[in-house]
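Undergrad: Mind having a look at this structure? Questions to follow.
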Amino acid sequence: SDWPMLHLFVRMCLTTAGRRGEVLTLRWSDISIEDSIAVLGTTKNGRARALPLVTDVKTALVEAKKVRPLTSDYVFFDPKHPDKPKNISTVWTACRKAAGLLNDREDPLDRVYLHSTRHTAVTRMLKGGANLAQAAAVSGHQTLAMLKRYEHLAAADSVELAERLLAGK
């Protein structure tokens, strides 16, 4: 079944803020369980970066590695062509359909897409207390300007932070 690997894929997207293509083309040689990172050689903006691997993702990766075909170095491989990354679109569509999220919003731009996981991850980091620079370091946004859409979240957190840490007499 594709579901366990889809679960791992979505979980990695949600916990790394990685782009779909970055996570999809991960190779086992990019993964360091010991260091809790997956190293991306060249990203969309031309820079290398490390994706953080949280505990449950590391556990799932260790399990996935045990059953991987020896003919593939891809973490998310195409079963019919193990030398290629998996085409996740059909599985993702089936997942959205099963969850009632295929056409969940009238506005097509407001529907649940895989890229939504990236926005969710950045939002969760900022709401958790990270600043824009810290979120950009994880997500790989090249400039803070690219994170401007999240600025209102950071501003609200800044007010709370100032109130808590700076307002004291």
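Undergrad: Quickly work out the residue 73-to-residue 98 label distance, labels modelled 7 Å from Cα along the C-beta direction, and quote it in nm with one decimal.
TA: 3.1 nm
Undergrad: Gain in length, residue 55 to residue 29, computed as 0.36 nm per residue apart minus the alpha-carbon separation, to one decimal in nm?
TA: Details: separation 26, 0.36 × 26 = 9.36 nm, distance 1.88 nm.
Length gained, residue 55 through residue 29: 7.5 nm.
Undergrad: Then there is this: If you stretched the chain out fully between residue 36 and residue 165, how much longer would it get, using 0.36 nm times the residue separation minus the C-alpha to C-alpha distance?
TA: 43.3 nm
Undergrad: Over 30 Å between Cα atoms: which of 58/80; 65/127; 80/127; 58/86; 84/127 fall into that group? Could you put the intermediate results ahead of the total?
TA: Numbers: 58/80 26 Å; 65/127 33 Å; 80/127 41 Å; 58/86 20 Å; 84/127 37 Å.
Among 58/80; 65/127; 80/127; 58/86; 84/127, the Cα-Cα distance tops 30 Å for 65/127; 80/127; 84/127.
Undergrad: Mind giving me the FRET efficiency for residue 66 and residue 120? R0 is 25 Å, r the Cβ-Cβ distance, nearest 0.05 is fine.
TA: Working: r = 29 Å, r/R0 = 1.17.
Efficiency, from the Cβ-Cβ distance: 0.30.
Every read-out reported here was derived from the displayed coordinates using simple, explicitly stated rules and does not represent laboratory data. Since the structure is predicted, the reported quantities are computational estimates derived from the model, not experimental observations. Don't worry about glycine lacking a Cβ; one is built from the backbone with ideal geometry, like all the others, and counts go over all protein chains shown.
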